[in-house]
Each structure stands twice: as structure tokens, then as C-alpha cells.
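Below is one structure, written out as C-alpha cells, with a few remarks after it.
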Amino acid sequence: MSTEEQPGRSFDTLHSPPGKRIGVVVAFQRAILSQLQPAMLALALLPVVAFGIVWAIAFWFSWSYWLHGFEILLAWLPWVGQWFKTDPGQGGGWFIATVAGIIAFLIYVLLVLTTALTFVSTFGMPLMLRHVAKDYPELQRRHGGTFTGSLSNALWGVFWFLILAVVTLPFWFIPIVGWLIPLFLLGMLNARILRYDSLADHADAAEMAALARSPRLYWRILGFGGALLNIVPVLWFFSTTLTGLAFIHYAFAALAAHRTNSTGNQA
């Protein structure tokens, strides 16, 4: 069917009809169509800008603590640590400030993204769910998740993300490997948080568990695709909501297919 024959949908169902799972690429294609709406554009930009300002102020007033902390950290490093211990002011001061600035900027970006993602997944996800649900009018809501479950899942996800980010921080300065680690961690965070939130309103508890374990669904690849948006100019501002919308489209299509298959097996 074409879009004209499906006036309630914002996308063409010719290649991915209702009741069928969709791929990661199709999920992002549908997410772009959903993103190009005033409400979704505002939801994309405002949290990133707001948390960007908040964390910038926090880093501005805590810069001296960052610099002092990195002086101590670099002094503990093997081979070069003694240089910072004996003569930090004359030889290593500029280097400490440069390294501290680079690491602080990376942490700043990650904090902005993770807090924006947590905010959108907790408070903005219901808006996105209602927005995308218009494209899936046949999908029944069974409320398998809760607000408490969503908040708890998001906080635990961010907690482990920050722990792993701190543990792997020394490897971030290795070419190529250092670029992939933050993207991998952010992709895992996307998968953990958004998989739950995208299913919580429409799937029941059993369906949520089944879809989370399904070998045919590639939640982590979808999450990694969302993480890659953060290195694309302009798309960086829309990465949080665009990824959330992609997860919702992906989850809704998977849930519809799951129910269709379950009905067929029972018959």
C-alpha cells in the first residue's frame, strides 16, 4: 500500500508492511520522517542545549579542580610520571593543561549526551511514543512497563556507563580504538535504556522479556547506529530523539510481528 492509501501513517509501507519486523536502516528512515515535526524538533534541541549550558557552567567553575586532579593522575603514570613530580611547572604545566582540556571536553560531551538521553528517555519518551503510535493504530497498549522501572533502568544504565567510561579512559587516546570505545559504550547505553522505554507502554511483561532476548532483533546495533549520529555534524543535536524514535519504530514493528506470529501459532 502507498502512503496515500494509508492516510494515518507518515511512511510508505510498501516494502515493510504492518505486522512485519523492520531492519535498522528502515527504523532510522521512519525516525527521520517522525523527527521532521515541530514538537519533535523542539524535544531534540532543548534538552541538549539546556544540559550543554548547565555542564559548561559546572566545568567552568570546577576547572582548577580538574587541573589539580590531572596533575596528580599524571604524576602516577609509569615512565613519565617522575617528570611531572620533579618539574611540573617548567616542563609539564602546558602538557597537563592540554591533556586535562581534551579529557574534560570528552567527559563534557558524554555528560551532556547521557543526561540529555536520560531526560528524554524518562520525560520525553511518552511524547515520542504518542507521536509514533499514530502510525501504528492497530497496536494495542498493554502497559508492561512502569515509570519507576524506566527511571531505575535509565539510572542504572548511566551508572554503569560512567563506570566503564572511567575504567576505559586511558584507552581513549589510542588511535581508532579510542574512537570506538565511547561509541560502543554509548551504543550499549542506548540499547539498555531505549529498548525498555520503547516497549514499556505497548508490550506486556512477557512480550518485553521475549523481545529483549530475541536473537532476530539487533538492539545493540540499533543503539550503536544512534551513537554514530553523535559524530555527524548537525545530526549531533538530534541524536537523542532521532535514536529514540528509531527504537520506537523498531520496537513497534517487532511487537506487531510478534503478536501476528503468536496469533498464527495459536491458530
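The values are calculated or read from the model by the stated rules, or taken from the named source; none is laboratory data. Please read these numbers as outputs of a predicted model, since none were measured by experiment. With ideal geometry, Cβ positions are generated from the backbone for all residues, glycine too; neighbour counts draw on all protein chains shown. Remember, those area values only see protein heavy atoms, side chains included, never the ligands or the DNA or RNA. Shrake-Rupley method; radii C 1.70, N 1.55, O 1.52, S 1.80 Å.
Here THR115 meets the list (1) farther than 17 Å from LEU186 by Cα; (2) modelled with pLDDT of 80 or more almost entirely, failing just condition (1). Checking PHE184, PHE147, PHE171 one by one, the residue that is farther than 21 Å from PHE105 by Cα, open to solvent by 100 Å² or more (accessible area, probe 1.4 Å) and either at pLDDT below 90 or not charged (D, E, K, R) (or both) is PHE147 and no other.
Tell me which residues, restricted to region 35-56, are in a helix (DSSP H, G or I) and open to solvent by 80 Å² or more (accessible area, probe 1.4 Å). Explain how you work it out, then say what you get.
Looking only at region 35-56, we keep the residues that are in a helix (DSSP H, G or I), and these are 35, 38-56.
Once the filter is applied, which keeps residues that are in a helix (DSSP H, G or I) and open to solvent by 80 Å² or more (accessible area, probe 1.4 Å), region 35-56 yields PRO38, LEU46, ILE53, VAL54.
Residues in region 13-34 that are open to solvent by less than 70 Å² (accessible area, probe 1.4 Å), assigned to a loop (DSSP other than H, G, I, E, B) and modelled with pLDDT of 75 or more: ILE22, GLY23. PHE123 satisfies every condition listed in (1) farther than 30 Å from SER34 by Cα; (2) out of contact with any helix residue (DSSP H, G or I) (no Cβ under 8 Å at 6 or more places or on another chain); (3) of a type outside the set (Lys, Arg) except (1). When region 225-267 is filtered for residues that are without any contact (Cβ under 8 Å) to a residue 24 or more places away in the chain and open to solvent by 70 Å² or more (accessible area, probe 1.4 Å), the ones remaining, listed by number, are PRO233, VAL234, ASN261, THR263, ASN265, GLN266, ALA267. Out of all the residues in region 125-135, is one or more in a loop (DSSP other than H, G, I, E, B) and at pLDDT 85 or above? There is at least one residue in region 125-135 that is in a loop (DSSP other than H, G, I, E, B) and at pLDDT 85 or above.
Which pairs do you get when a residue that is farther than 17 Å from MET125 by Cα, found in region 151-171, comes within reach of a residue that is among the polar types (S, T, N, Q) and in a helix (DSSP H, G or I), reach meaning Cβ atoms under 7 angstrom, with the pair 6+ apart or on two chains? Pairs that qualify, where the first residue is farther than 17 Å from MET125 by Cα and the partner is among the polar types (S, T, N, Q) and in a helix (DSSP H, G or I), are PHE161/THR114.
Region 173-267 holds helices (runs of 4 or more DSSP H) entirely within its bounds, and those carrying 2 or more residues that are over 15 Å from the mean Cα position of the chain (by Cα) and under 16 Å from ALA154 (Cβ atoms) map to 177-200, 205-213.
Checking every residue in region 208-217 against the condition of being open to solvent by 10 Å² or more (accessible area, probe 1.4 Å) and under 30 Å from TYR108 (Cα atoms) gives zero matches. Listed conditions (1) surrounded by 13 or more Cβ atoms within 10 Å (Cβ to Cβ); (2) at pLDDT below 90; (3) of a type in the set (A, V, I, L, M, F, W, C) are all met by LEU222, apart from (2).
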